[in-house]
Amino acid sequence: MPENNFIAPDLAGSNLPPVLRGIVAALGWRRAEEFLRIHGGTVVVIPQYTTRVLHLSTEELLRLRTNLKNHCVDPQKFQIALPKVDKLLKRKRDTIIRRNRDLPLNRLAREYSLTTRQILNIKNSEDVGEHPDLF
């Protein structure tokens, strides 16, 4: 279970989709990753009180309900369509690869199990999210 002194990660300028941004803001990176590994790709009811099924504390549930209230599939039941964890991990990985531009392609390719072409494409791409500016 998480500590009571939770500090939300700084997501200013983040290109995460709104639902992912809300989950990471509510749980933090590590807990969001754990939560989405289990429940990602499904529609989940976020209850008011702790349940064994979701493995979240009452505080985490409250933060999730607050951050995701505008993204409900069914607002009366508080159902949320959770994205798969792959999106979160891919964006995180790509950001790390872009930060390490000066490292050799072969080393990064081995470290992330990608081809050197994929690493080169990631390095040369901008971190602009889903909709790059066309003009």
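Here are some notes:
- Counted residues, the stretch 36-57 - those being without any contact (Cβ under 8 Å) to a residue 12 or more places away in the chain and loosely packed, with under 11 Cβ neighbours inside 10 Å: 1
- Test: residue in the stretch 97-111 that is under 21 Å from the mean Cα position of the chain (by Cα), of a type in the set (D, E, K, R), under 22 Å from F35 (Cα atoms) and not assigned by TED's automatic domain parsing to the domain that holds L68: no
- Screening K123, K87, K77, K92 for residues that are assigned to a loop (DSSP other than H, G, I, E, B) and surrounded by 11 or more Cβ atoms within 10 Å (Cβ to Cβ) leaves exactly one candidate, K77.
- Whichever residue in the stretch 99-135 is in contact with a Ser or Thr (Cβ under 8 Å, 6 or more places away or on another chain) and not aliphatic (A, V, I, L, M) and, among such residues, is modelled with the lowest pLDDT: D127
- Single unsatisfied condition, A8 versus (1) modelled with pLDDT of 90 or more; (2) small (G, A, S); (3) part of a loop (DSSP other than H, G, I, E, B): (1)
- The residue of the stretch 32-59 that is farthest from R91 (Cα to Cα), among those that are in a helix (DSSP H, G or I) and out of contact with any helix residue (DSSP H, G or I) (no Cβ under 7 Å at 6 or more places or on another chain), is T58.
The values are calculated or read from the model by the stated rules, or taken from the named source; none is laboratory data. Since this is a predicted model, take the numbers as computed values, not measurements. With ideal geometry, Cβ positions are generated from the backbone for all residues, glycine too; neighbour counts draw on all protein chains shown.
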